[in-house]
Each structure stands twice: as structure tokens, then as C-alpha cells.
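Chemist: The following block contains the structure, expressed as C-alpha cells.
What follows is calculated from the coordinates using simple rules that are stated; it is not laboratory data. Everything numeric here is computed off the predicted structure, so don't read it as measured data. We place every Cβ from the backbone using ideal geometry, glycine too, and count neighbours over all the protein chains shown.
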Amino acid sequence: MRALPILSVLLAIGVLFQVALGEAGLVTIWLRDLHATIGLAGVILTAVALSLSRGSKTSTIYLAVLLAAALVQAIVGLSLYGIITIDFRLFSTMETIHRFNAYFILLTGLVGGVLIGVARRRSATSTQAVPQG
């Protein structure tokens, strides 16, 4: 079984879980650590998926965009966490950026994943030999 589809499913589940945690207001105290750990694991898994996607230029660009968004998300998240120092007057702005970037990652992941999946199926179907009869 190929690793890239499995990674894609793991990333999709992770993003959905992360958004649900954040929107439910559950990212407090110990859930904050879980949220941060899942987020950093998502950055690593996105980088691994990018390294595995050597075949298609489209999927490589798509995963590079997702990796850039995930890195921004991690940097903003770590600043909210207090690991990276920010001006506290910008805290609510950083929270807003973190929230909207999460939705950008979610929508880009869903739409891009579906489009790339459809394109792969079409190319696999078109490259198969059609029996003459």
C-alpha cells in the first residue's frame, strides 16, 4: 500500500480534529499541549507527504502550499503558546490569523485533495489499455 494516501487521510483527520478542538474552546491547559503536539506532527507529516510526492508537479505544488500554511500556523501557534515572544497587543490579531489560517488549511486540503484524487483516477484510467473488441 502506498504511503501518500494514508498520510493524506491522517492529515485530513488531524486538521478536522484541530479545528474542532479550537472552535469548541477546548484548547486550554492540558488540551493546549495536545493541540500543539498534533499541530507540530501535522507539519512534519506534511513535509513527509511533500517528499513522497515526486510524481506529479500539481500535487507537489499543492503540498508545498499546504506545508507553507502549516508552517505559518505552527509559528503563530507557538507565539500564542508563549514559546515565541510577541507583543501582547497583537495577541487577538494572532488568534484571528491562527483561526483563519486553520480554515484555509482545511479548505485547501479538502478541495485540493479531491481535485488531485480525481485527476489521478482520470490519468490512471486513460493510461490503461482499452481492449479492442
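Chemist: Look through segment 20-39, keep the residues that are of a type in the set (Val, Ile, Thr) and out of contact with any Leu (no Cβ under 6 Å at 6 or more places or on another chain), and return whichever of them is farthest from residue 56 (Cα to Cα).
Modeler: Step by step, filter segment 20-39, then rank; the result is 29.
Chemist: For segment 43-54: of the residues being among the polar types (S, T, N, Q) and in a helix (DSSP H, G or I), which is nearest to the chain's Cα centre (by Cα)?
Modeler: 46
Chemist: Which count do you get for residues in segment 55-99 that are farther than 18 Å from residue 40 by Cα and part of a helix (DSSP H, G or I)?
Modeler: Looking only at that region, the number is 13.
Chemist: Applying the selection to segment 21-34, what residues are touching a residue at least 40 places away in the same chain (Cβ under 8 Å) and not charged (D, E, K, R)?
Modeler: Answer for segment 21-34, where residues must be touching a residue at least 40 places away in the same chain (Cβ under 8 Å) and not charged (D, E, K, R): just 22.
Chemist: Looking at (1) buried (at least 16 other Cβ atoms within 10 Å of the Cβ); (2) over 14 Å from the mean Cα position of the chain (by Cα); (3) under 25 Å from residue 10 (Cβ atoms), which is the only condition residue 94 fails?
Modeler: (3)
Chemist: Here is a list of conditions, (1) closer than 16 Å to residue 112 by Cβ; (2) surrounded by 13 or more Cβ atoms within 10 Å (Cβ to Cβ), and residue 68 meets all of them except one; can you say which number that is?
Modeler: Evaluating residue 68 over (1) closer than 16 Å to residue 112 by Cβ; (2) surrounded by 13 or more Cβ atoms within 10 Å (Cβ to Cβ) leaves (2) as the failure.
Chemist: Quick one: would you say residue 105 is within 22 Å of residue 26 (Cβ to Cβ) and either under 16 Å from the mean Cα position of the chain (by Cα) or assigned to a helix (DSSP H, G or I) (or both)?
Modeler: Answer is yes for this residue.
Chemist: Right, something else. Being more than 13 Å from residue 102 (Cα to Cα) and of a type in the set (Val, Ile, Thr) is true for just one of 75, 61. Which residue is that?
Modeler: Going through 75, 61 in turn, the sole match is 61.
Chemist: Check whether at least one residue in segment 46-53 is in contact with a Leu (Cβ under 6 Å, 6 or more places away or on another chain) and closer than 22 Å to residue 82 by Cα, and report yes or no.
Modeler: Among the residues of segment 46-53, not one is in contact with a Leu (Cβ under 6 Å, 6 or more places away or on another chain) and closer than 22 Å to residue 82 by Cα, which makes the answer no.
Chemist: So, residue 40, is that one over 10 Å from the mean Cα position of the chain (by Cα) and either assigned to a helix (DSSP H, G or I) or not hydrophobic (A, V, I, L, M, F, W, C) (or both) or not?
Modeler: Spelling it out, residue 40 is indeed over 10 Å from the mean Cα position of the chain (by Cα) and either assigned to a helix (DSSP H, G or I) or not hydrophobic (A, V, I, L, M, F, W, C) (or both).
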